[in-house]
Every structure is written in structure tokens, then in C-alpha cells.
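What follows is a set of notes on a single structure, which appears directly below.
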There are 2 protein chains.
Amino acid sequence: MATVARDAGVSVATVSRIVNGKIGRASAETIARVEEAIARLSYRPNSVGRALRHRASRVVAMLAPNLDNPAMAAIAVSVESALRDAGYVMILCDTHDRAELQDDYLRAMRDQLVAGYVMVSAVRSKGLEETLKRGDPTVFVARRNPLGGGAYVGIDNRQAGADVADFLLGCGIERPAVLMAQQNASSTSERAAGFIERLVARGVPNDAIRRAIGPGLSHIEIGYAAAGMLVREGGWPRGALCVSDMIAYGAYRLAVEHGVPIPQRCRLVGVDGNAINAWIAPWLTSIRIPYESFGGHVVAQLQSLWSGVSTSEVHVAHEAPSAWSNPGAPARPATGAG
Amino acid sequence: MATVARDAGVSVATVSRIVNGKIGRASAETIARVEEAIARLSYRPNSVGRALRHRASRVVAMLAPNLDNPAMAAIAVSVESALRDAGYVMILCDTHDRAELQDDYLRAMRDQLVAGYVMVSAVRSKGLEETLKRGDPTVFVARRNPLGGGAYVGIDNRQAGADVADFLLGCGIERPAVLMAQQNASSTSERAAGFIERLVARGVPNDAIRRAIGPGLSHIEIGYAAAGMLVREGGWPRGALCVSDMIAYGAYRLAVEHGVPIPQRCRLVGVDGNAINAWIAPWLTSIRIPYESFGGHVVAQLQSLWSGVSTSEVHVAHEAPSAWSNPGAPARPATGAG
DNA sequence: CTGAAAGCGCTTACAG
DNA sequence: CTGAAAGCGCTTACAG
């Protein structure tokens, strides 16, 4: 910047103003000279100097568990792209769903003077509490703030669960089961709750709804284990809600091992609608969550926080349960007929 | 830091030295006092101030196309974790395989004073040329430097292709085909080349090897399209190399639509060995690339570059073609018997 | 309309 | 063994 200033015969203050578009009645001639110097020297403002001065960078931290999950990857892609359009870049932190790692990252990100935090499926932790208390701009995605309150982007999980209940009942499956995780996140437990509530409301006896709860953190293994428990304690159900697509994948593997045809013998309904399903999981019905639209909402929430506007939860609409459809064609909503 | 200094009754220079462990014969008493102050005030050094002074941050930029590809996600996870262990954080830039976006990011990352670049499947571009000319620490992953030279981490793609040729021949499939992408990356074109070379070397007439080349950027759609071309021009082959798992997924979809049983009627062999295959793609044989080990190699390469040591290419060993195996159990290498 | 100066948080020769 | 001072690249009240 000093070089540009010298080259253009002005002060660095002037260069700074012009670079930042703060040209309240600046002389057109000066502007031209400076811009010419900038171009000639191919000068680019240094983000770090700027960040130090502002005490905030144009970097946003995204903390997420396991990118291995296609749903997480989809969120990351979407948020990254939306941030970029808004002039920010994203540091990706893989927390593996572990509180200590989350806190390590939270600290490291603070040292980076990040402009905000995107917490995907955050877990409760000391550091999260402090971040929130400090008032740092934070938006929660997919899983609500475990400490309550705060900006949030996600679907109405209870409704999604209810939709699956309606769908399975509509398929003539009168005693569907539910496969879920032991470590309960708000999102998946709400799906299960909404599912069960609706079944009960429609006349299914509460104790006729079989619940299988798999241990661990990996949803795919949870699905495999939960399906195993379910089958051991009473055979394959005719249909089941898997609270995430990954859980459905795990259950599928067991079905293949048992030679149980899916979906003919047991209809599995997942939640996420991973893009890959349309290619290699013709057997899966899933509630699609439009993760590709999450980025825009997350950035809007952040911008509200930055400008001091209070934010509320954003509920993105999910889609009806649907299965296999033609590539390129719009998703074919499954009719109740199964 | 000034606060800590005041609190401990020393200068900021002293605090800085102690924070950075530069305690050449420092008085133990001073150290204790400073550390106590640091703890009391829960002081943490500011990365941005540090970066400005050093003119280099502890941030590494990773530029990758489409995280939607599980292989890319696996690389991102691995690199992120290895960087973290080395005290760095990772900015993730999704280039969508487009040169202009890659250049935008390269510029933005330079402004961030990133310590290095991890280019996953980079494309040739002006900005890449400049970055390299400038001598910025850069390591290429999966796809070689399109401009030649440079640090690289990946498998021996030619050998992988040859292995698939041996495998298919060993299955008694005498006229296997190959499905590949039009936009040729070094990695996938080397796989195809190694495959064909080996087939020819083992007596398959060159013009008996059917090659299907799909257009576009999305490997899954490339696979679908390429399979379509292949089938239209001579029916389903008895076996094929798909130069990536995603391409195999695309081909699989067409097979399902055609009612062609995979692998009985047509054995598909992919490359990547995505973790998900073991759960929902029992029909796929794949060469597994141990992406989980890439992070360590990438960081080692970067550290060499930082310390001015010249680096060479790192070739990670891939695994033999294998299919469906028990979860938790070691991958069962497929025998030639099919 | 523009410049001089202070300061964001840190590090590092240079003195002492 | 430790401190005063300069400087990394930028922004912004304050003067003029």
C-alpha cells in the first residue's frame, strides 16, 4: 500500500479510502491515479493487516462432525459457496462430534479473529458456552443449540418424522419401527418423537412401535447395530423410519447379509435425501432436506448478527418421502400406494 | 499481551519470548511470574498479530473440486486432521474444477498470507502458474501438477489400471471395456492407459478394448452417459474398469434401469474404494486408495517445503481390487476366480 | 478533498 | 537475562 501511495503521489490514507470505496467527494483525478497505480503494481489489500486493524477477519469458522457423512459434506459445500459470494472464506474444523476437539477449535478460531461461527451439529461444551456468552456471532445448523436459543437453520424435524409415519401407514404398514442413535441429537430425536406421536395419534398402540437404539457415533454403524437388535428381538419389521440416511445404509447392509429384500420385505425410509441415493440406493425412500439452500440462510443469519439485528430460527421446508427417480427429472413424490 | 506484561511486571518482549518458548537462560522466576499472569488472565496469543509480523499465518489453503465426491471428502478429512496435529488450520475452497474460481481463491488465499497450498485435482490456470513461479509452498494431491513438477501425493495410477486389467482377465473376462471422462485428469487418464497397456501386453487386441468417454464434470453423470454410449454401440460388456467409483455409480444406475444384473452380467471395477461401498454397493469391486493416510504425507511435504528441503513425489500404495467384506473385518482381497 | 499520526497484537534485532 | 523501539499492512478519527 505504501508503494502504491508513493507511486500515485498520495498518502496511504487516501489509497486506503479509495480501495475501500470511501470516496465521499474525492477528486476523480486522484482516484484515477490511484487506481492506475493499483493496476500497474497489481496491488491487493492484505487481509491480515485489515483483520488486525478491524479486530475481525473475513474468515468464518465452520465446525462440523464427520464430513464423511454426505449430508455434512452437502452442508459444507453450500455454506462455503454462500460465504464466498458474500466475500468470506471458510475454515473447516472437523470436530468428530467430540466436545474437547470442539473447544480446541473454538479457541483456535477465536485467536484467528474469525468473524463468526457456523456450528453444524454442535455438542454441548464449556467453550461453546463461553463463545455464546461472549456474544460471538454463531449460527447453529441441523442440530439446535444444545444450550438453548440462538440462530438456527434446519428443517422441522418433528414434522418430518410425522410425514414418514403418514407415508408408512399409507403404504399399509401398520406396525413400523424406528431406528435411532443412542447419543441423542435434537434433530434425530425430534424426528423419532414426531414419528411416534403421529403413529399414536393415528391409532398405533405406543408399545407396538418397536424402537431400536444403536450405540456409538457413526450413524452407519448405528444403523447396522440397531437393525441387528431389532431383528433379534422380533424379526424384520415391514417398514421403518431410519432417522438419517446413513442409518438406513447400515440397516441395508444387514438386510443384504440376511438375504432380506429391501424394500419388498421391509421398506426403509431415511431422512436427508443424499444425492447419491438416486444413483446407487434404489431401495431407499428418503425425506429430502434441501441442504444446498442452507448456505444462503446461514449467511443471512450471520449478516443479521453482524449488523446487530436479532435473529430467529429459520425452518427450511423438507420434501415428501420419495425414492428413485430419473436423473435430471424432478423428484417423483411417492404416493401412499407404495 | 500488554496486559500480561503489566500484570507480570515485565516487558511485552519478555512475554513474547516466553510464550514462544525462546527461553535461552531466562530466569525461572520471571517465567513463573509470566506464566502465572497468562493463566490468570487466560491470555492467548493472537494469530493475526503473529501472522502480520511473520508475514505468514498458520493457515493452509486446500483447493478442491466438488466435496460431494466421497473421495474428495476423505482427502479433506485426512488433510484437515493432519494439519491440525501440526498446529495449522485449513481453509477449504471448493473450485468446482473451474480455472477462474481456482484463481479467485488462489488470490484470496494469498491475501490471507496462507502458509501453503494443497491443490487437490488442480486444473491448469494462470494463477496456478504465478503461485508456482512465486515459489509458494504447494503440494498437489490425487492429480499431478498440470504444469509439471512439484510436490505430489497420490497412488501409482498406471499400476492401478494394470491391476484392474489383471483382475478382470483373471475373472475370465477377455474383452473388458473402460469408462472414463472426456476432461482428462492425469490421474484417471493414467489409470486408463495402464489398464489398456496391460491388456494389450497380455494379448488383448487394442481395437477390441472398448472405450467409453463421458462428457461433463460430474463423474457420476459421466459414468451414466459413458455406459449409455457403450451399451448403444455394442451392448453391455462382461466387465469394465470405471476410472473412479463415482463413474461406477453412474454406470450402475443405467444397469438397474436396464435390468442388467451387476456384477453377474457385467463386472464393474472402480477406483477409490469409498467407505460407503462396503455398506450399500455390494455389487462393486474397487481398488482402494488409502486416502486416510494422505493427510500425513501432505503435511510432511509441506514441512519439507517450509524448511527449504526439496521434495519429491510420494506414491502411496493402493490395494488390490476387492469387493464387499464384513464390517470391521479386514478387506477380503478378491481372488481371480470371481 | 487529503495527510500525519496513532494503533490493532505481535516479534526481533539491537542495546545494555 | 531483559527492555525500548521499529515495523508487519492496514484504518480512521482528527486536522487542515
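Chains B and A: how much accessible area gets covered up at their contact, both sides added, probe 1.4 Å, in Å² to the nearest hundred? Please report the intermediate quantities before stating the final value.
Working: alone 16520 and 16500 Å², together 28330 Å².
Heavy-atom accessible area buried at this interface is about 4700 Å².
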* **Local net charge near B:Ser57, Cβ-Cβ under 14 Å (Lys/Arg +1, Asp/Glu -1)** => +4
* Zone of A:Glu174's modelled label, taken as backbone nitrogen in region A:235-273 under 16 Å from a point 7 Å along Cα→Cβ -> A:237-239
* Using a basic spin-label model with each label point 7 Å from the Cα along Cα→Cβ, how many nm lie between A:Glu292 and A:Val12? -> 4.6 nm
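So, with +1 on the Cβ of K and R and -1 on the Cβ of D and E, and no other charges, what is the size of the charge dipole of chain B about its Cα centre, to the nearest 20 debye?
Working: 35 positive and 31 negative charges, 124 e Å.
With Lys and Arg at +1 and Asp and Glu at -1, about 600 debye.
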* Asked: What's the center-to-center distance, using Cα atoms, between region A:8-24 and region A:255-322 in Å?
  -> 48 Å
* Please name which of B:Gly239, B:Ala5, B:Val309 has its Cα lying farthest along the dipole of chain B towards the positive end, using unit charges on Cβ (Lys, Arg +1; Asp, Glu -1) and the Cα centre as origin. => B:Ala5
* Structure fact -> Here the Kirkwood hydrodynamic radius of region B:2-45, Cα-based and in Å, equals 10.0 Å
* Rg and Dmax of the protein assembly as shown, using alpha carbons, in Å: what are they? -> 27.4, 84
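Normalise the Cα radius of gyration of region A:1-120 by 2.2 N^0.38 Å (N = residues in it) and let me know the number. Could the numbers behind the result be given before it?
On the way: Rg = 19.3 Å, N = 120, 2.2 N^0.38 = 13.6 Å.
Dividing the Cα radius of gyration by 2.2 N^0.38 Å gives 1.42.
Taking a cut-off of 20 Å, what percent of all Cα-Cα pairs in region A:157-289 are separated by more than that?
Details: 3106 of 8778 pairs.
The answer is 35 percent, as a whole percent.
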* Asked: Counting only protein heavy atoms, what percent of the accessible surface of the protein assembly as shown is carbon or sulfur at a 1.4 Å probe?
  -> 51 percent
* Asked: Between the DSSP loop rule and a limit of at most 12 other Cβ atoms within 10 Å, which trypsin sites (Lys or Arg not before Pro) in region A:194-303 are left?
  -> A:Arg202
* **Model label zone, B:Ala208; criterion: amide N under 13 Å from point 7 Å along Cα-to-beta-carbon; scope region B:160-187** => B:169, B:172-177
* Asked: Distance in nm between label sites at B:Lys22 and B:His315, each 7 Å beyond Cα in the beta-carbon direction?
  -> 4.4 nm
* Structure fact -> For region A:174-179, Karplus-derived ³J(HN,Hα) couplings (6.51, -1.76, 1.60; θ = phi - 60°; whole Hz; x for glycine and proline) come out as 8, 10, x, 10, 9, 10
* Structure fact -> Along region B:270-275, Karplus-curve 3J(HN,Hα) (6.51, -1.76, 1.60; θ = phi - 60°) to the nearest Hz, with x for Gly and Pro, reads x, 9, 1, x, 3, 4
* Asked: Given +1 on the Cβ of Lys and Arg, -1 on the Cβ of Asp and Glu, and no further charges, what dipole in debye does the protein assembly as shown carry about its Cα centre, rounded to the nearest 20?
  -> 1120 debye
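What number comes out for accessible area per residue over region B:2-45 if the probe is 1.4 Å? Units Å², please. Mind dumping the intermediate values first?
Working: 2810 Å² over 44 residues.
On a per-residue basis, 64 Å².
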* Asked: How big is the antiparallel share of DSSP beta bridges in the protein assembly as shown, given as a percent to the nearest 5?
  -> 10 percent
* Asked: For the pair B:Leu41 and B:Asp85, how long in nm is the line joining their label points, each one 7 Å along Cα→Cβ?
  -> 3.5 nm
* To do: Could you tell me the distance between the Cα centroids of region A:61-92 and region A:105-136, to the nearest Å?
  => 16 Å
* Asked: Distances from A:Gly9 to the same residue in each other copy, label points 7 Å out along Cα→Cβ, in nm, shortest first?
  -> 5.8
* Derived scalar couplings ³J(HN,Hα) [region A:85-97; Karplus, 6.51 cos²θ - 1.76 cosθ + 1.60; whole Hz; x for Gly, Pro] -> 4, 8, x, 10, 10, 10, 8, 9, 10, 9, 8, 6, 6
* **10 Å beta-carbon shell around A:Asp136, net charge (K/R +1, D/E -1)** => +2
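Treating only the Cβ of Lys, Arg, Asp and Glu as charged (+1, +1, -1, -1), what charge dipole size does region A:157-289 show about its Cα centre? Round to the nearest 20 debye. Each step should come with its number before you reach the end.
Values: 13 positive and 11 negative charges, 43 e Å.
Value, rounded to 20: 200 debye.
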* Under 9 Å from the Cβ of A:Pro176, count the other residues' Cβ atoms, weight Lys and Arg +1, Asp and Glu -1, and hand me the total. => +3
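The values are calculated or read from the model by the stated rules, or taken from the named source; none is laboratory data. What you are looking at is a predicted structure, and each value in this text was computed from that prediction instead of being measured. Backbone-built Cβ (ideal geometry, glycine too); neighbour counts: all protein chains shown. We work out accessible area using only protein heavy atoms, side chains counted, and drop any ligands, DNA or RNA first. Shrake-Rupley method; radii C 1.70, N 1.55, O 1.52, S 1.80 Å.
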